[in-house]
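For reference, the structure discussed in these notes is given below.
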Amino acid sequence: MKLSRRELAAAAVAVVVAPSGESQTPPPAQDLAKVVHDANRRNADTLAKFEIPISTEPAFQFKA
Amino acid sequence: MTDDVFFASVSDLNAGLKKHEYSCVELVRAFSERLATLGPRYNALALPLTEIAIRRAKLVDDEIKRERFRGPLQGVPFGAKDLLAVAGQVTSWGAKPYAAQVLDQTATVLTKLDKTGSVLIGKLAMVELAGGPSYRMANASLFGPGLNPWDRTRWSGGSSSGSGSAVAAGLVPFALGSETSGSILTPSAFCGVTGLRPTYGLVSRHGAMALAWTMDKIGPMCRSAEDCGLVLQAIAGGDSEDPGSAGKNFYYTPQYARKFSDLKAGFTAVDLEWAEPEMRPALDAAMQVIRGIGLQTVETKLPEFPYGALAGTVVSAEGSSIFEPLITSGKVDQLADARQIEGLKAGLEIPAKDYLKAMRIRSLVKKEFHRLFADVDVLVAPGRYGIAPKISEPLDGSGGRAAQGARPAAPGMTSLIPAGNLAGLPALSLPCVRGGEKRHHFRRHRAEPVRPGGRPIGGDR
């Protein structure tokens, strides 16, 4: 399924500094673990939906 | 020697040394004292290296006296982000678990700079582990929150926080920072200095803490683009110790630069709508300057990919793998930022299929950017979309999205930082100054208060 432009726009926020969807007050530690796992799962879901040609190889090369 | 030296360019300092206006020892002492005195004011200093630096400076003075000239960096003091190792000295990576770490090697970039005759006077503070998968608060550092020299209630940006502050405040003529996804560009933007993120593989990562093997770059943070060019020329080049090395050199040759009128700059008009309202006049003025120097500007758009999810997955998976011993030992809990701690732990659970999918999509990202650059020569965008956040506030949403009102329909270049890093592309962060663009704009910034981000509060320039 191709992602819509709005979905891409929502997924395009840089996550290194600014993870999405959090409140101003820091959540408790156990909630933070859930926040992070949920963020990783959302990333995984987003990438799973992104269709690519079967021939696409990862962007690294092993050299013997 | 007047206080002007603290805001002088690399070339000017080198010229002053050759004319014997001051010696390298005098310069190193002056900057070292300033770094030691003012560095803590901005939480910028990780480790002073004054004694070693003065010994080195004496050797440099001997060479200059014998007219053995090495180049434009000879005799110029500098600072290095504390993820770059100096043999026998503490290299803390900005993190409590490594606060006493002493490594037995010196980073290749520091060895290269030493050969040019430039003098390392101190290690500069950073966000712990260069930010890891992500962090929430500005105080995510062994050294406390990086404070912006223009307004110490605001963040300097990170993860090269000390490098940004130190250059902006005239504590070092130039600094080395690093970027995985934003860590040179962000402090450069917030502190109003010029930061260069090189092409991936151009500068050796040997001796630098790794956060993400396939995305880490080391680059200069300086007072001008010219200074960045001179420093990059010195630190670039192949290194067999770095598996990611491209084996290429870089030569700073402005005399052969193409005319601005021959270059096309891609931009997106919607970027102004994403910026915080008070940033918009400055950004608009910057575009006028760009057009005024002759660059052709062309409306364009980034290739459509889920950049945030890609960068998040790659950095998290690679970073957690790198720091697996830290995580499994439990020492990860000593880190300052709770989100960083949980992020590193969670990164170990990212399945291989997710990482590999991200790396496969990344191949397509590279291909599409190649296509894009067949039509334009550069992309122009705001480095950040808002003014540096207050250090007391969570960093979520920093970068100035249009928080009030509806989000613009198109993303513009808002994901250019992760996109450019995923594609391994270089980037230059230039200070955004309203009004007349002057080479030595920092001289004015000393005399007049300037809002973080480089925009003056009042009066025309």
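The values are calculated or read from the model by the stated rules, or taken from the named source; none is laboratory data. What you see is a predicted model; the values in this text were computed from it and never measured. Here the Cβ positions follow ideal geometry from the backbone for every residue, glycine too, while neighbour counts run over all protein chains shown.
Going by the conditions given, is B:LYS65 without any contact (Cβ under 8 Å) to a residue 12 or more places away in the chain and of a type outside the set (Ser, Thr, Tyr)?
Numbers: without any contact (Cβ under 8 Å) to a residue 12 or more places away in the chain: yes; of a type outside the set (Ser, Thr, Tyr): yes.
Taking the combined requirement at face value, the residue satisfies it.
Under 7 Å between Cβ atoms, at least 6 apart or on separate chains: pull out the pairs that start in segment B:130-141 with a residue that is assigned to a helix (DSSP H, G or I) and end on any residue that is among the small types (Gly, Ala, Ser).
Sorted first by the residue in segment B:130-141, then by its partner, the pairs are B:ALA130/B:SER159; B:ALA130/B:SER178; B:ALA130/B:SER183; B:GLY131/B:GLY158; B:GLY131/B:SER159; B:GLY131/B:SER183.
Take the residues in segment B:346-359 that are surrounded by fewer than 19 Cβ atoms within 10 Å (Cβ to Cβ) and assigned to a helix (DSSP H, G or I), then tell me which one is farthest from the other protein chains (Cβ to nearest Cβ). Outline the logic, then answer.
Within segment B:346-359, the subset surrounded by fewer than 19 Cβ atoms within 10 Å (Cβ to Cβ) is B:348-349, B:351-353, B:356.
After this cut, where a residue has to be assigned to a helix (DSSP H, G or I) as well, the list is B:352-353, B:356.
On the way: B:ALA352: 11, B:LYS353: 9, B:LEU356: 6 Å.
By that ranking, first place goes to B:ALA352.
Where residues in segment B:46-71 are among the small types (Gly, Ala, Ser) and out of contact with any Lys or Arg (no Cβ under 6 Å at 6 or more places or on another chain), which of them is surrounded by the fewest Cβ atoms within 10 Å (Cβ to Cβ)? Even if it seems obvious, please write down each step before you answer.
The first filter runs over segment B:46-71 and keeps only residues among the small types (Gly, Ala, Ser), leaving B:46, B:53, B:57, B:71.
If we keep only those that are out of contact with any Lys or Arg (no Cβ under 6 Å at 6 or more places or on another chain) as well, we get B:53, B:57, B:71.
Details: B:ALA53: 23, B:ALA57: 23, B:GLY71: 13.
My answer is B:GLY71.
Taking segment A:33-53 on its own, how many of its residues are at the interface with chain B (Cβ under 8 Å from one of its Cβ atoms), within 23 Å of B:GLU304 (Cα to Cα) and free of Cβ contacts under 8 Å to residues at least 40 places away in the same chain?
Residues in segment A:33-53 being at the interface with chain B (Cβ under 8 Å from one of its Cβ atoms), within 23 Å of B:GLU304 (Cα to Cα) and free of Cβ contacts under 8 Å to residues at least 40 places away in the same chain: 8 in total.
Out of the residues in segment B:308-333 meeting the condition of being within 12 Å of chain A (Cβ to nearest Cβ) and not aliphatic (A, V, I, L, M), tell me which one is surrounded by the fewest Cβ atoms within 10 Å (Cβ to Cβ). Before the answer, list the steps.
If we filter segment B:308-333 for residues that are within 12 Å of chain A (Cβ to nearest Cβ), which is where we start, we get B:308-320, B:333.
Okay, now just the ones that are also not aliphatic (A, V, I, L, M), so B:308, B:312-313, B:316, B:318-320, B:333.
Numbers: B:GLY308: 28, B:GLY312: 32, B:THR313: 28, B:SER316: 30, B:GLU318: 23, B:GLY319: 28, B:SER320: 22, B:ASP333: 14.
Per the criteria, the residue is B:ASP333.
Would you check if there is a residue in segment B:92-115 being within 13 Å of chain A (Cβ to nearest Cβ) and part of a loop (DSSP other than H, G, I, E, B)?
Here is the first cut: in segment B:92-115, the residues within 13 Å of chain A (Cβ to nearest Cβ) are none.
No - not one qualifying residue is present in segment B:92-115.
Looking at segment B:366-387, which of its residues are within 23 Å of the chain's Cα centre (by Cα) and assigned to a helix (DSSP H, G or I)? Step through it out loud before you land on a result.
Taking segment B:366-387 first, the residues within 23 Å of the chain's Cα centre (by Cα) are B:366, B:369, B:377-387.
Correct list: B:LYS366, B:PHE369.
Please specify each residue of segment B:210-226 satisfying the condition of being over 28 Å from B:TYR98 (Cβ atoms) and surrounded by fewer than 24 Cβ atoms within 10 Å (Cβ to Cβ). Can you show your working first?
We begin by selecting, within segment B:210-226, every residue over 28 Å from B:TYR98 (Cβ atoms); these are B:223-226.
Passing the criteria: B:SER224, B:ALA225, B:GLU226.
Any idea which of B:GLU241, B:GLU273 is of a type in the set (Asp, Glu), over 20 Å from the mean Cα position of the chain (by Cα) and assigned to a helix (DSSP H, G or I)?
Working: B:GLU241 fails: assigned to a helix (DSSP H, G or I).
Of B:GLU241, B:GLU273, the one residue that is of a type in the set (Asp, Glu), over 20 Å from the mean Cα position of the chain (by Cα) and assigned to a helix (DSSP H, G or I) is B:GLU273.
State whether one or more residues within segment B:227-235 are surrounded by fewer than 24 Cβ atoms within 10 Å (Cβ to Cβ), charged (D, E, K, R) and modelled with pLDDT of 95 or more.
No - not one qualifying residue is present in segment B:227-235.
Could you list, in sequence order, the residues of segment B:124-144 that are touching a helix residue (DSSP H, G or I) at 6+ places or on another chain (Cβ under 8 Å) and not hydrophobic (A, V, I, L, M, F, W, C)?
Matches in segment B:124-144: B:GLU128, B:GLY131, B:GLY132, B:PRO133, B:SER134, B:TYR135, B:ARG136, B:SER141.
Whether any residue in segment B:281-289 is of a type in the set (S, T, N, Q), modelled with pLDDT of 95 or more and out of contact with any Lys or Arg (no Cβ under 9 Å at 6 or more places or on another chain) is what I want to check. Quick ask: steps written out before the conclusion?
Let us first name the residues in segment B:281-289 that are of a type in the set (S, T, N, Q), namely B:288.
Those left that are additionally modelled with pLDDT of 95 or more: none.
No, because not a single residue in segment B:281-289 is of a type in the set (S, T, N, Q), modelled with pLDDT of 95 or more and out of contact with any Lys or Arg (no Cβ under 9 Å at 6 or more places or on another chain).
Pairs please, first residue from segment B:1-20 and touching a residue at least 60 places away in the same chain (Cβ under 8 Å), second anywhere and surrounded by fewer than 13 Cβ atoms within 10 Å (Cβ to Cβ) and among the hydrophobic types (A, V, I, L, M, F, W, C), Cβ atoms under 7 Å, 6+ apart in sequence or on different chains.
none
If you go through segment B:360-370 one residue at a time, how many are touching a Leu at 6+ places or on another chain (Cβ under 7 Å) and more than 9 Å from chain A (Cβ to nearest Cβ)? Before the answer, list the steps.
Of segment B:360-370, the ones touching a Leu at 6+ places or on another chain (Cβ under 7 Å) are B:361-362, B:365, B:369.
Still in the list and also more than 9 Å from chain A (Cβ to nearest Cβ): B:369.
Summing the residues that are touching a Leu at 6+ places or on another chain (Cβ under 7 Å) and more than 9 Å from chain A (Cβ to nearest Cβ) in segment B:360-370 gives 1.
Can you tell me which of (1) of a type outside the set (A, V, I, L, M); (2) surrounded by 16 or more Cβ atoms within 10 Å (Cβ to Cβ); (3) in a helix (DSSP H, G or I); (4) within 24 Å of the chain's Cα centre (by Cα) is the one B:GLY266 doesn't meet?
Status for B:GLY266: all satisfied but (3).
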